[in-house]
Amino acid sequence: MRRRVSLERNEIVRRSPEVVPGPVTTHLQLNESSSVPAKWRNSSTVTITRVESSIGLPTESQKCLVSQPPCFDVPQVLGSRELPIVAGDKIVPTPFIPAFRVNVIDLVSEPSCWARSAFDYVHYHVPREALEEIAGDLGFGPVGAFRLAIVEDDLVLAQMTKNILPYIGRRDELSPLAMDHFRLILGAHLLQRYGGGKNIRIAAGGLSTWQKRRAEALLREHLDGSVHLSELARECGLSVTHFARSFKASFGVSSHRWLVERRIELAMQLLIQTREPLVTVAIQSGFADQAAFTRTFHQILGMSPGRWRREHVRP
């Protein structure tokens, strides 16, 4: 019986998907001679781009929403601005825009915009192929036309933007595992709120015993979060979205949150059992640097690692 289960597992793994790249983040600061790089406009992966200018774009010919292949563009304003948008040869009026309001635009209409004054936006650029993949995994029908949303108050997307904003374009950006989770949440939210499709699939159950063990082993081998969700899913013989839902059903938290908790557990052991400086404890626990370690430690335990060590280590 054990031999047959092992063979079935290997067969499933061979059929599972390849590694799916997570979102790419960029911070563009434009001046009077700048144009939006084609690398962003033509990306075939999910991209998160902060586009900022103190003077605005010089001419209307700067079409900052042009894209190939077909994508959806979700610009979210960070400050109050006016941004005229042309979609399908029709001007969409955009008067005063409060901070963190969102536009959702299907780029099949070949839209363009002209930000004539200072602006600061975060753009979520989502290829249709990525949405089709997530939709199929969640049980939605084919991705059709999205509802055009202009200056919409979207509390979920606003909070997502606030969470990821400090990491856009920085060297200490979020780990691949964290970005993979962000991609899934973003895609699912766009489908549910703006796609109009219906979820027809029953929610997934938890992981089997061998899947839980394999997932735990891989995560512990990659405490820095350098493993992708698609790699974890492949090892468990599941699709990415199915794995993410099943993992949370089994452990009560996402795989990224589970990994962060294991990092903190290891850090606590090192703080008690060694005299290593905090920067060394941070690296050995899978954090990029001491600042990231201190920030996460404080979020979870309510105090800095230095203070925690002083309170728990006897002189």
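What follows draws every value from the coordinates through simple rules; no lab data is involved. Remember, predicted model here, so these are calculated numbers, not experimental data. A quick note on method: Cβ atoms are made from the backbone with ideal geometry, for glycine too, and the neighbour counts reach across all protein chains shown.
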*May I ask which residue of GLN269, HIS256, SER285 lies farthest towards the positive end of the charge dipole of region 249-315, with charges of +1 (Lys, Arg) and -1 (Asp, Glu) on Cβ and the Cα centre as origin?*
GLN269
*Evaluate the distance, in nm, between pseudo-label points positioned 7 Å from the Cα of GLN192 and of VAL253 along their respective Cα→Cβ axes.*
2.1
*Work out the FRET efficiency for SER208 and VAL279 from their Cβ-Cβ distance, taking R0 = 35 Å, and round it to the nearest 0.05.*
0.30
*Would you kindly state how much longer the chain becomes between GLU129 and THR26 on full extension, computed as 0.36 nm times their sequence separation minus their alpha carbon distance, in nm to one decimal?*
35.0 nm
*Using a ≥ b ≥ c from the Cα gyration tensor of region 257-312 (square roots of the eigenvalues), is it rounded, prolate or oblate, where a/c under 1.5 gives rounded and otherwise the larger of a/b and b/c decides, a/b for prolate?*
rounded
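Would you please put 210-221, 281-292 in order of how densely packed they are, using the mean number of other Cβ atoms within 10 angstrom per residue and starting with the highest? Could you put the intermediate results ahead of the total?
On the way: 210-221: 15.7, 281-292: 18.4.
In decreasing order of mean packing, 210-221, 281-292 become 281-292, 210-221.
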